[in-house]
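**Student:** Okay, handing you the structure first.
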Amino acid sequence: MIKAGIECNIRTYATLIDGYARRGSLEEALRLCDEMVERGLIPNTVIYNSIIHWLYTEGDVEGASSLLLDMIDKRISPDQFTYSILTKGLCRNGFVKQALEFYNDVLEKHLIEDTFSYNILINHLCRNGNLTGAKQLLCSMFVRGLIPDLVTYGTLIDGYCKEGNIESAVQVYENMIKVEEKPNLVIYNSIINGLCKEASVDVAKCLLDALQRMKLRDVITYNTLINGYCISGKFTEAFALFSEMRNVGILVNKASYNTLINFLCKTGCYQQARELMKMMILRGMAPDAITYTTLITNFSKNCSPEEVIELHDYMVLKGVIPDRQTYRAIVNPLL
DNA sequence: CCGGTGCCAC
């Protein structure tokens with residue numbers, strides 16, 4: 001663009017900066033910020049939002065905070081994106097209480113009314129098992145005149161399903177239907193997961209068949225049910241479903257393999273588990289940190305230290321980035 | 001140009 005004499009504007013830089021940050025190159029993103037300033041362009045709210053978001057994702061709460069202060073200092077006004085980014089950043093780094101306080105503060109000042117931030121808070125309360133708090137937040141949305149959307153309902157349904165409280169999940173589902181919201185695939189997947197975890201795999205399978213007829217299913221639907229079969233000890237069905245995916249045109253992913261590898265390990269089939277890991281490599285999928293943790297923890301309990309180290313070396317050679325905790329706790333002491 | 005939900009481990 002520069003060579004062609006087309007001027008790069010803030011939007012050009014914002015796109016590049018977010019792209020680099022998204023790919024994990026925060027340093028390059030920050031370098032581009034400097035570059036644009038040198039060219040007389042001032043980073044706007046969008047750019048600040050993007051960088052703050054990716055700093056939080058990396059776990060750099062301090063870096064994110066100082067950038068926020070810098071933003072305020074330079075009188076670049078935060079918007080509803082900023083608030084939701086802060087809400088999620090605080091939550092995911094363990095500051096759920098602060099996030100709630102922050103959000104109440106923002107609401108009291110009538111700065112913003114935003115479903116996104118509510119959804120984030122509800123999600124984190126659910127994950128911490130505080131379904132009562134999550135439900136209260138839903139109520140306070142109504143009080144503030146905010147309309148819950150599919151994500152709000154889906155988040156609560158998932159929360160209740162994970163808690164094993166199918167009755168409440170159904171209640172939320174029915175309320176959702178009343179306000180004319182049709183469930184989306186994400187919600188169906190949560191329900192399938194809930195059914196599997198309370199040992200109703202067969203009901204879950206019926207739901208999958210129904211979704212199949214509507215052509216409404218994806219790799220997560222299948223993975224969830226494969227996991228459900230594994231939980232119930234139905235390996236034949238699990239592997240059958242794994243094979244069936246190819247026929248219906250849904251590509252297996254790393255999670256599909258990881259699920260089966262885990263349950264092969266749990267039933268003592270360590271060599272088969274390792275073979276399946278090699279199979280995923282042959283299919284062009286490098287093992288990930290979860291494959292690594294699954295195999296290493298199970299091998300360390302049941303196989304020789306040499307085998308564990310050999311396994312570690314092999315996976316690293318194939319491109320895995322070892323899970324730090326697993327490496328420190330298990331592999332490192334063996335070296 | 002930036003934010004929210006679902007599958008796999010510990």
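The values are calculated or read from the model by the stated rules, or taken from the named source; none is laboratory data. These numbers were taken from a predicted model, which means no experiment stands behind them. So basically every Cβ, Gly included, is an ideal-geometry build from the backbone, and we count neighbours across all protein chains shown. Accessible surface areas use protein heavy atoms only, side chains included; no ligands, DNA or RNA. Shrake-Rupley method; radii C 1.70, N 1.55, O 1.52, S 1.80 Å.
**Student:** Å³ per residue of the Cα convex hull, for segment A:199-252?
**Tutor:** Measuring per residue, one finds 63 Å³ for the Cα hull of segment A:199-252.
**Student:** Helix A:270-282 versus the longest principal axis of chain A: what angle, 0 to 90°, nearest 10, using Cα atoms?
**Tutor:** Once rounded, the angle reads 50 degrees.
**Student:** Here's another thing I want to ask about it. Under a Cβ-Cβ cut-off of 13 Å, what is the net charge of the residues other than residue A:116 that fall near it, where Lys and Arg count +1 and Asp and Glu count -1? Before the final figure, lay out each step's value.
**Tutor:** Values: positive: A:88; negative: A:79, A:113, A:114, A:149.
Summing Lys/Arg as +1 and Asp/Glu as -1 gives -3.
**Student:** Within chain A, what whole-number % of the accessible surface is contributed by carbon and sulfur, with the 1.4 Å probe and all protein chains included in the calculation? List each step's numbers first, then the result.
**Tutor:** Values: 10170 of 18410 Å².
Reported share for carbon and sulfur atoms: 55 percent.
**Student:** Just the accessible area per residue of segment A:196-335, please: how many Å² with a 1.4 Å probe?
**Tutor:** Working: 7380 Å² over 140 residues.
Value for segment A:196-335: 53 Å² per residue.
**Student:** Which of the residue pairs A:205/A:234; A:278/A:318; A:97/A:178; A:88/A:254; A:162/A:205; A:234/A:266 have a Cα-Cα distance greater than 21 Å in the structure shown? Mind dumping the intermediate values first?
**Tutor:** Values: A:205/A:234 13 Å; A:278/A:318 10 Å; A:97/A:178 32 Å; A:88/A:254 26 Å; A:162/A:205 18 Å; A:234/A:266 13 Å.
Long pairs (Cα-Cα over 21 Å): A:97/A:178; A:88/A:254.
**Student:** What does the helix-only formula give at 222 nm for chain A: each DSSP H stretch with n ≥ 4 adding -39500 (n - 2.57), the total divided by the residues, and the result rounded to the nearest 500 deg cm²/dmol?
**Tutor:** That comes out to -22500 deg cm²/dmol.
**Student:** Another question, if that's okay. Place a +1 charge on the Cβ of each Lys and Arg in chain A and a -1 charge on the Cβ of each Asp and Glu, then give the dipole magnitude about the Cα centre in debye, rounded to the nearest 20. Let's see the in-between values first.
**Tutor:** Working: 34 positive and 38 negative charges, 150 e Å.
Roughly 720 debye for chain A.
**Student:** Now a separate question. Kindly express, to the nearest 10 degrees and within the range 0 to 90, the angle between helix A:289-302's C-alpha long axis and the longest C-alpha principal axis of chain A.
**Tutor:** With both axes taken from Cα atoms, the answer is about 40 degrees.
**Student:** Here is a further query. Run a plain Debye calculation on chain A (Cα atoms as equal point scatterers, no solvent) and give log10 I(q)/I(0) at q = 0.07 Å⁻¹, rounded to two decimals, same order as the q list.
**Tutor:** Log10 I(q)/I(0), no solvent term: -0.40.
**Student:** Given a 1.4 angstrom probe, what's the average accessible area per residue across segment A:94-183, in square angstrom?
**Tutor:** Heavy-atom accessible area per residue stands at 56 Å².
**Student:** In cubic angstrom, how much convex hull volume per residue do the alpha carbon atoms of segment A:1-81 span?
**Tutor:** Numbers: hull volume 7.5 nm³, N = 81.
Dividing the Cα hull volume of segment A:1-81 by its residues yields 93 Å³.
**Student:** When the distances between all Cα atoms of segment A:178-335 are binned every 10 Å from zero, what whole-number percent does each bin get?
**Tutor:** 10, 37, 30, 17, 5, 1, 0
**Student:** Could you work out how far apart the two model spin labels at residue A:303 and residue A:75 are, taking each label as a point 7 Å from the Cα in the direction of the beta carbon, and quote it in nm?
**Tutor:** Taking the simple label geometry, residue A:303 and residue A:75 are separated by 6.4 nm.
**Student:** Something else now. For residue A:98 and residue A:115, calculate 0.36 nm times their separation in residues minus their Cα-Cα distance, and state this gained length in nm to one decimal. It would help to have the intermediate numbers written out before the result.
**Tutor:** Numbers: separation 17, 0.36 × 17 = 6.12 nm, distance 1.85 nm.
Separation in residues times 0.36 nm, less the Cα-Cα distance, equals 4.3 nm.
**Student:** Let me ask something else. Tell me the relative contact order for segment A:94-183 as a rounded percent, counting alpha carbon contacts under 8 Å between residues six or more apart. Show your work: numbers first, answer last.
**Tutor:** Values: 77 pairs, mean separation 20.9, N = 90.
About 23 percent, as a whole number.
**Student:** Using only Cα atoms, tell me the angle between helix A:61-73 and the longest principal axis of chain A; keep it within 0 to 90° and round to the nearest 10.
**Tutor:** The angle comes out near 20 degrees.
**Student:** How far, in nm, would the chain grow between residue A:283 and residue A:334 when pulled straight, counting 0.36 nm per residue and subtracting the alpha carbon separation? Let's see the in-between values first.
**Tutor:** Values: separation 51, 0.36 × 51 = 18.36 nm, distance 3.08 nm.
Working it through step by step, the gained length comes to 15.3 nm.
**Student:** At 1.4 Å probe size, what's the solvent-accessible area of residue A:8? Round to the nearest 10 Å².
**Tutor:** So the heavy atoms of residue A:8 present about 30 Å² to solvent.
**Student:** Something else now. Just to check, using Stokes-Einstein with a Kirkwood Rh over alpha carbon pairs, what's the diffusion coefficient of segment A:254-335 at 25 °C and 0.890 mPa s in µm²/s?
**Tutor:** Numbers: Rh = 12.3 Å.
In µm²/s, the coefficient rounds to 199.
**Student:** So, one more: What is the log10 of I(q)/I(0) for segment A:154-209, computed with the Debye formula using one identical point scatterer on each Cα and no solvent, at q = 0.27 Å⁻¹?
**Tutor:** -1.10
**Student:** Based on the alpha carbons, how large is the Rg to Rh ratio for segment A:94-183 when Rh follows Kirkwood? Don't skip to the answer; put the middle values down first.
**Tutor:** On the way: Rg = 12.9 Å, Rh = 13.3 Å.
Rounded to two decimals, Rg over Rh is 0.97.
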